[in-house]
Amino acid sequence: MEMQRILAAGNVRQYNVRRYGAAILAALAALLIRQLLVPALGLENPFHTAWAAVVLSAWYCGVGPAIVAILLDLIGVWYWFLPPAGSFQLANPKAGISGILGFAVFSGFIVALGEAHRRSLARSRWAEEQLRRTHAELEHRVQERTAELSAANQSLMELSGQLQQLRDDERKQIARELHDSVGQLLAAMSMNVATVQSQSHKLDRAAANAVSENAAILQQIGKEIRTLSHLLHPPLLDAAGLASALRWYVDGFSERSKIKVEMEIPPEFRRLSDQMEITIFRLVQECLTNIHRHSGSSTATIVILQDDNIVVVEVKDAGKGIPLDKQLELSSGRTGVGFRGMRERLRQFGGDLNIQSDTGGTFVSVRIPLPATAASTLEAEKAS
């Protein structure tokens, strides 16, 4: 702190020396120029150049330096230019003293105006500095808030990804329980009913019909349980990959909904990460469900492409399309639980979802960038 005060005092001292030095030089320069102009102007009106020195000193150097410049010019003009030249005596005291007083008075006005200008300029600079500091502080606060918001958004994205992961794990667990526990119980009941049914000739007709109906009901329940289990988490997704799981789902969907679905997926489609495969599967599942519920289309097309750095998924129907107001709500994220869920799933991979719809149908396009490791693996496989 002491060193800073010493440096600050030194800077002030240097600044004052520069101000007074500039004023003295201006006063001396004014006297020298006036001396050079004597052959042309004579000794009449000797304060011509002195005014310029006073204005310069008052405007840029301050009150003290301006007063020094005025005194120097008064002494110099009195000595060199007021008759008799080279003496402080006055040939015409009344005229000489009047000129000196007039110069002093008007110089005072000039100094006052210059000081007002300097103070106004100082206030303007102070205001600009304060504005600059305030702007810098606000910019710093905005950057801090932006960083906090980015961190909060990142945390929300991570939390959303974790929730999606938990949901998928829960679906997988429920599907496994349905298949292993409920499915085994239904199989045991079916075997018991089959045993009773083998002895149905010993029952009356009504009891035999009831046994047959129970066997058919159990068979239907088993089929529904398997379908539900596979929809919750298709086992083919883990065993054979996305392409096989989608073909199984599309075939079942077409059979249940009577909607003709064409799917284009290249035979060389490579395996992706578990999370990316389940994301694409749920995306196609949601799109086909919306087509069945809302579009009224009898056909649908699915195209899945895999490039070096990106996976593209396109789903198109020929239905009645989405109303414009509904499209605006979907784009703003205010409605559409299914589409909102899609965007949440895609966000964790850096993917984007685009929806185009008119009276000729709806087109959903998804682009998911592949991680660097997956892309390099795919390029290595292509090279080999």
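Assess whether Arg171 counts as being exposed (fewer than 13 other Cβ atoms within 10 Å of the Cβ) and farther than 30 Å from Glu44 by Cα. Spelling it out, it is not the case that Arg171 is exposed (fewer than 13 other Cβ atoms within 10 Å of the Cβ) and farther than 30 Å from Glu44 by Cα. Candidates in region 344-384 are the residues that are among the charged types (D, E, K, R) and surrounded by 11 or more Cβ atoms within 10 Å (Cβ to Cβ); of these, the one that is modelled with the highest pLDDT is Arg367. Any residue at all in region 164-184 that is at pLDDT below 75 and more than 30 Å from Glu286 (Cβ to Cβ)? The answer is yes; a qualifying residue exists.
If the condition is being among the charged types (D, E, K, R) and either modelled with pLDDT of 80 or more or surrounded by 14 or more Cβ atoms within 10 Å (Cβ to Cβ) (or both), then region 206-234 contributes Glu213, Arg226.
The condition (being among the charged types (D, E, K, R), surrounded by 10 or more Cβ atoms within 10 Å (Cβ to Cβ) and more than 30 Å from Ala53 (Cβ to Cβ)) is satisfied by just one residue among Arg123, Arg119, Arg133: Arg133.
In this structure, is Gly341 modelled with pLDDT under 85, out of contact with any Cys (no Cβ under 6 Å at 6 or more places or on another chain), surrounded by 15 or more Cβ atoms within 10 Å (Cβ to Cβ) and not basic (Lys, Arg)? Judged against the criteria, Gly341 is a match.
Answer yes or no as to whether Ala112 is farther than 30 Å from Asp238 by Cα, modelled with pLDDT of 70 or more and surrounded by 13 or more Cβ atoms within 10 Å (Cβ to Cβ). Considered against the rule, which asks whether it is farther than 30 Å from Asp238 by Cα, modelled with pLDDT of 70 or more and surrounded by 13 or more Cβ atoms within 10 Å (Cβ to Cβ), Ala112 comes out as yes.
Leu28 falls short on exactly one of the conditions (1) at pLDDT 85 or above; (2) buried (at least 18 other Cβ atoms within 10 Å of the Cβ); (3) over 56 Å from the mean Cα position of the chain (by Cα), and that condition is (2). For Gly42, the conditions (1) within 30 Å of Asn92 (Cβ to Cβ); (2) modelled with pLDDT of 85 or more are fulfilled apart from (2). If a residue has to be part of a helix (DSSP H, G or I), of a type outside the set (Val, Ile, Thr) and within 18 Å of Gln173 (Cβ to Cβ) to count, how many in region 199-240 make the cut? Residues meeting the conditions: 11.
The values are calculated or read from the model by the stated rules, or taken from the named source; none is laboratory data. Computed from a predicted structure; not experimentally measured. A quick note on method: Cβ atoms are made from the backbone with ideal geometry, for glycine too, and the neighbour counts reach across all protein chains shown.
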